[in-house]
Amino acid sequence: ACLAADLKTAISDGQFRLVFQPLVRIRDRSVYGYEALIRWQHPVKGLLNPIDVIPIAENTGLIVDLGAWALREACREAATWRPDLSVSVNTSPVQLSRSDFPGLVEAVLADTGLDPERLEIEVTETSTIETPDKVTVAINKLRTMGLKVVLDDFGTGYSSLNTLQNFTFDKIKIDRVFTQSIETDARSRAIIRSAVLLGHSFKIPVLAEGVENERQLRFLKEAGCFAVQGYLFSKPINALQIPEAAFPKR
Ligand code: G
Ligand code: G
Ligand code: NA
Ligand code: MN
């Protein structure tokens, strides 16, 4: 059987789970939230990473159900965390282009009791290019509801600058390909510095992902990033390992 066939039943079978990676302020190394990342515990193939799963889910349309599951699960977990912590959820172009997406988010927030201000929706440049009009509507609705919308993987899309020209974001996340070559590539350093200045000229705070060592962190701090995520601080962890969890719901 192929993965696409297995995927159909995997969600209802409870084979998916979320892991969470801390988002860390550079200023004082405090955690302000967590990014939710899906993992598929396949009964035969073992633990599968999203890189192998998301494309199949997108091509089969199952990403709509999988994405809705991830959103609900992430909000349900976050509602148990210390109330100043946010949760960041990834979205696919297919999800964002559906007119019912903001309604789904609204229902999930109502069901889980999570404050909209604590939910961040991560949008990739690919989403903004494939169905720009629908994504514009979605982003504006989500922001009106009080959510934060984050431009993810900044710099790797076909049209990074166009995306910033045409859409409004609350945060920009620089892709890890740039972070990972800070020490070896002057061009990466130049791109990061420019990306942060660009963000600041729009009054948008900028963070970076994939930070694995202190040298990279120091560069990102000097470049003006406000936050980072990466193995330097923590790999994605299980919900039960989150120290700020199990706070009583407000
Ligand atoms: O955790 P990892 O580095 O393996 O994630 C790989 C990719 O899968 C990342 O680019 C991430 O954005 C994506 N991904 C993880 N979880 C989700 C999810 O719930 N929905 C979507 N659309 N993408 C996800
Ligand atoms: O949504 P996005 O593609 O940005 O997802 C981030 C991915 O990056 C996740 O799959 C996560 O596991 C991975 N990741 C997070 N921190 C690091 C890091 O420090 N190094 C590397 N190589 N990958 C990371
Ligand atoms: Na992401
Ligand atoms: Mn990313």
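Every read-out reported here was derived from the displayed coordinates using simple, explicitly stated rules and does not represent laboratory data. It should be emphasised that the depicted structure is a prediction, and the values quoted were computed from it without experimental measurement. No Cβ is skipped: glycine too gets one built from the backbone with ideal geometry, and neighbour counts run over all protein chains shown.
Per 0.36 nm of contour for each residue apart, how much would the distance between Asp100 and Arg27 grow if the chain were fully extended, relative to their Cα-Cα spacing?
Between Asp100 and Arg27, full extension yields 22.4 nm more.
What does the C-alpha gyration tensor say about the overall shape of the chain? Classify as rounded when a/c is under 1.5, otherwise prolate if a/b is larger than b/c, or oblate.
rounded
Whose amide H sits under 5 Å from the amide H of Ala208, counting only residues 5 or more places off or on another chain, with H placed in the peptide plane?
Distant-sequence amide H within range of Ala208: Ile174, Ala227, Val228, Gln229.
If I fit a long axis through the Cα atoms of helix 101-112 and take the longest principal axis of the Cα atoms of the chain, what angle between them do I get, 0 to 90°, rounded to 10?
So the helix axis and the longest Cα principal axis differ by about 80 degrees.
Roughly speaking, what is the stretch gain from Arg215 to Tyr231, that is 0.36 nm per residue apart minus the C-alpha to C-alpha distance, in nm to one decimal?
On the way: separation 16, 0.36 × 16 = 5.76 nm, distance 1.33 nm.
Taking Arg215 through Tyr231 to full extension adds about 4.4 nm, to one decimal.
What FRET efficiency comes out for the pair Ala245/Ile54, r = Cβ-Cβ distance, R0 = 35 Å, nearest 0.05? Intermediate results must be reported in sequence, preceding the final value.
Values: r = 26 Å, r/R0 = 0.74.
Working from the Cβ atoms, E equals 0.85.
Give the angle, between 0 and 90 degrees and rounded to the nearest 10, that separates the Cα long axis of helix 132-144 from the longest principal axis of the Cα atoms of the chain.
Around 90 degrees separate the two axes.
Taking amide hydrogens as modeled 1.01 Å from N in the peptide plane, which residues meet the under 5 Å criterion relative to Thr124, leaving out close sequence neighbours?
It is Thr91, Asp152, by chain and number.
Quick one: order Glu130, Glu122 by neighbouring beta-carbon count within 10 Å, fewest to most.
Glu130, Glu122
Between Asp13 and Leu197, what is 0.36 nm times their sequence separation minus the Cα-Cα distance? Round to one decimal in nm. Walk me through the intermediate numbers first.
Details: separation 184, 0.36 × 184 = 66.24 nm, distance 4.63 nm.
Here the answer is 61.6 nm.
Using DSSP to define loop residues, name the trypsin sites (Lys or Arg not before Pro) in segment 1-58 whose beta-carbon has at most 14 other beta-carbon atoms within 10 Å.
Arg27, Arg29, Lys45
Where the centroid of each part is defined by its Cα atoms, how far is segment 33-110 from segment 128-153 in Å?
Result: 16 Å between the Cα centres.
Percent relative contact order of the chain, based on C-alpha pairs within less than 8 angstrom and at least six residues apart?
This gives 20 percent for the chain.
Taking the alpha-carbon distance from Lys134 and a cut-off under 29 Å, which lysines remain once sequence neighbours fewer than 8 residues away in the same chain are dropped?
Lys8, Lys148, Lys171, Lys173, Lys203
Summing -39500 (n - 2.57) over the DSSP H runs of n ≥ 4 in the chain and dividing by its residue number, what mean residue ellipticity at 222 nm do you reach, to the nearest 500 deg cm²/dmol?
-12500 deg cm²/dmol
Tell me, what HN-Hα J-couplings in whole Hz come from the Karplus equation 6.51 cos²θ - 1.76 cosθ + 1.60 at θ = phi - 60° for each residue of segment 56-67, using x for Gly and Pro?
5, 4, 5, 5, 9, x, 6, 4, 5, 5, 5, x
Residue by residue through segment 115-125, which ³J(HN,Hα) values in whole Hz follow from phi under the Karplus form 6.51 cos²θ - 1.76 cosθ + 1.60 (θ = phi - 60°), with glycine and proline marked x?
Per-residue couplings from phi come out as 5, x, 4, 8, 9, 10, 10, 8, 10, 8, 4 Hz.
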